[in-house]
Amino acid sequence: MEIHSAHGYMLHSFLSRLSNTRSDSYGGSLENRARIVLEVLDAVRAAWPADKPVFLRISLTDWVQEDPADERAAWVLEESVVLSRWAAEHGADLIDVSSGGLVPANIPHREDYKTFNASQLKASSKTLVAAVGRIADAATASGLLGSGSADAVFVGRALLRDASWANNAAAVLGARGRLHAPIRLRRPGTVPGGRGSENAFENKPPDMMLGNSFSLLPSPVWACLMLGTPSIQTYIRMRCFS
């Protein structure tokens, strides 16, 4: 279960001073602005099984403070550190570290502009964190985990571009990827069982097949993440690969 508190969505809008101008108990101080996030986390944790993890996705920064020409008060790293500690006390198992999304901002074009945020938060908050953003190859993913910069990596667009990303990553890292039964694909305009609905990957080599390949990627890299906590590993297999 992941609570989305980033990218300008409602919970993020409570956190940032750019959007939260309230004068009641949900506005003003960081404690007040974070109140609704922690209340939502408490409610989810109370309803969600204790042996299943809860993630909290945050925007580590609004990318406003980083611009010397922009003097507006916004959401910043230091506040994310405090929020992450509070969230862990309220039952969050991992912080999914993204950034921005609330207002237009000058965002760096560096390859590591988001993954660097995860390493900063991990070092400062001492919580489990996931790195996201422009993680496109096995070396980058494995490096983030191996260096201790992140406890997890989340991969998105790379998996959309290459359904066998995990198996290819395993090969690059010197491990052997494995596949479950492939998904039977339909060509556009066909119906199940009708003409043209045969397996589109029939007679293709195993590394071209779609399936639960990502969940079985050996150490040192998982397609989405690798953590020492069995419950989180089980969650990832269920969420990403079922």
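The values are calculated or read from the model by the stated rules, or taken from the named source; none is laboratory data. The model shown is predicted, which means the values in this text are computed figures rather than measured ones. Positions of Cβ are backbone-derived with ideal geometry, glycine not excepted, and every protein chain shown enters the neighbour counts. Heads up: the accessible areas ignore ligands, DNA and RNA and are worked out on the full protein's heavy atoms, side chains in. Shrake-Rupley method; radii C 1.70, N 1.55, O 1.52, S 1.80 Å.
Things to note:
- Partners for Lys52 among aspartates and glutamates (Cα-Cα distance below 15 Å; same-chain residues under 8 apart left out): Glu2, Asp42, Asp93
- For segment 53-190, carbon and sulfur atoms together expose 52% of the accessible surface, with a 1.4 angstrom probe and every protein chain in place.
- Checking every one of the trypsin sites (Lys or Arg not before Pro) in segment 69-135 against DSSP loop status and a limit of 10 other Cβ atoms within 10 Å picks out Arg110.
- Accessible surface for Met1 stands near 80 Å², nearest 10, in the context of the full protein assembly shown (1.4 Å probe).
- GluC sites (Glu not before Pro) within segment 1-106, DSSP loop, no more than 13 other Cβ atoms inside 10 Å: Glu71
- With the whole protein complex present, Ser99 retains an accessible surface near 10 Å², based on a 1.4 Å probe.
- Amide H contacts of Ala152 (H built 1.01 Å from N, in plane; Pro and chain starts excluded): Val129, Ala131 sit under 5 Å, all sequence-distant by 5 or more or on other chains.
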